[in-house]
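Reviewing the structure listed below.
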Amino acid sequence: MDSAPFGSHRDVPGMPPRIVDALQQAWDRLARPGTWWSASQQLALAGLARSAFAQRTEAPWLRNHDAERAQADAAGIEPAAQDAMIKLAADARTIDREWAQRSVDAIGDAAYVELVAIAATMAAIDAFAEGIDVPSEPLPSEPLDAGPPSGEVPDGVGDIGAYVDMLEPFAGPNVGRALTLCPTGNRLYRDVGQALYHDGEFLDLAWDRPISRPQAELVATTVSAASECFY
């Protein structure tokens with residue numbers, strides 16, 4: 001793994017250190033075992049997510065993920081998980097409960113949640129690179145830890161009517177507990193998302209930023225609508 005894979009982002013004038021640090025931490029976490037996928041599997045899944053996200057505007061029959069699928073095959077990732085990752089990264093707007101249940105039945109509920117976390121993290125990282133017009137950084141070339149995934153099952157999860165179980169009760173909004181069935185995946189995505197979205201003052205209704213809080217919410221809502229986010 002390169003010692004500073006986000007060097008080009010660090011070189012961008014005015015880049016907040018919190019973003020550089022958060023993206024570096026995401027790379028480090030992907031190169032180590034998750035809860036249900038090994039480090040080599042996480043890196044292969046991240047590569048597949050990146051390929052799918054980059055081709056999201058192409059018709060499905062024009063997309064090509066042969067190289068990324070070959071890497072996933074070599075890492076021992078079953079085709080059902082590969083197919084799920086491609087849909088999560090490129091066609092999330094088409095997901096419904098029936099499809100999610102089939103995926104959960106095929107690969108397991110917590111393993112599915114970890115796929116969602118990796119897909120969402122890679123989409124955030126690569127969309128950010130697109131937005132500031134810098135190349136996407138290469139994924140770590142090899143795992144930092146070849147150990148097994150933890151298999152950690154958090155206490156207090158239950159059926160709240162969502163596609164998968166989540167922590168219950170939960171003090172925050174549902175969007176904050178969506179990935180709580182998989183602790184490592186939840187930390188992976190939330191730390192990146194929070195660093196990109198705000199600087200710790202999100203709950204403040206007024207802030208001293210280049211754009212106001214209402215403007216930030218307008219941008220977020222517009223992006224969600226354009227992406228057909230059903231949440």
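The values are calculated or read from the model by the stated rules, or taken from the named source; none is laboratory data. None of these values were measured; they are calculated from a predicted model. Note that each Cβ is placed from the backbone with ideal geometry, even for glycine, and that neighbours are counted across all protein chains shown. Surface areas here come from the heavy atoms of the whole protein model, side chains and all, with no ligands, DNA or RNA. Shrake-Rupley method; radii C 1.70, N 1.55, O 1.52, S 1.80 Å.
Checked against the criterion of being in contact with a helix residue (DSSP H, G or I) (Cβ under 9 Å, 6 or more places away or on another chain), among the hydrophobic types (A, V, I, L, M, F, W, C), over 20 Å from GLY185 (Cβ atoms) and modelled with pLDDT of 90 or more, region 67-83 has at least one qualifying residue. Take the residues in region 208-225 that are small (Gly, Ala, Ser) and under 15 Å from GLY193 (Cα atoms), then tell me which one is farthest from the chain's Cα centre (by Cα). The residue in question is ALA216.
Candidates GLN101, GLN82: the one that is in a helix (DSSP H, G or I) and touching an Asp or Glu at 6+ places or on another chain (Cβ under 9 Å) is GLN82. Annotation note: Cβ proximity below 7 Å between a residue of region 133-155 that is open to solvent by less than 60 Å² (accessible area, probe 1.4 Å) and a residue that is at pLDDT below 85 and not β-branched (Val, Ile, Thr) (sequence gap 6+ or interchain) occurs for VAL134/SER8; VAL134/HIS9; GLU137/PRO5; GLU137/PHE6; GLU137/SER8; PRO140/MET1; PRO140/PRO5.
Yes/no matrix, rows are residues, columns are (1) open to solvent by less than 70 Å² (accessible area, probe 1.4 Å); (2) touching a Gly at 6+ places or on another chain (Cβ under 7 Å); (3) hydrophobic (A, V, I, L, M, F, W, C):
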position	(1), (2), (3)
ALA31	yes, no, yes
LEU45	yes, no, yes
ARG50	yes, no, no
ASP66	no, no, no
GLN71	no, yes, no
PRO79	no, no, no
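Scanning region 22-45 for residues that are among the aliphatic types (A, V, I, L, M) and assigned to a helix (DSSP H, G or I) gives ALA22, LEU23, ALA26, LEU30, ALA39, LEU43, ALA44, LEU45.
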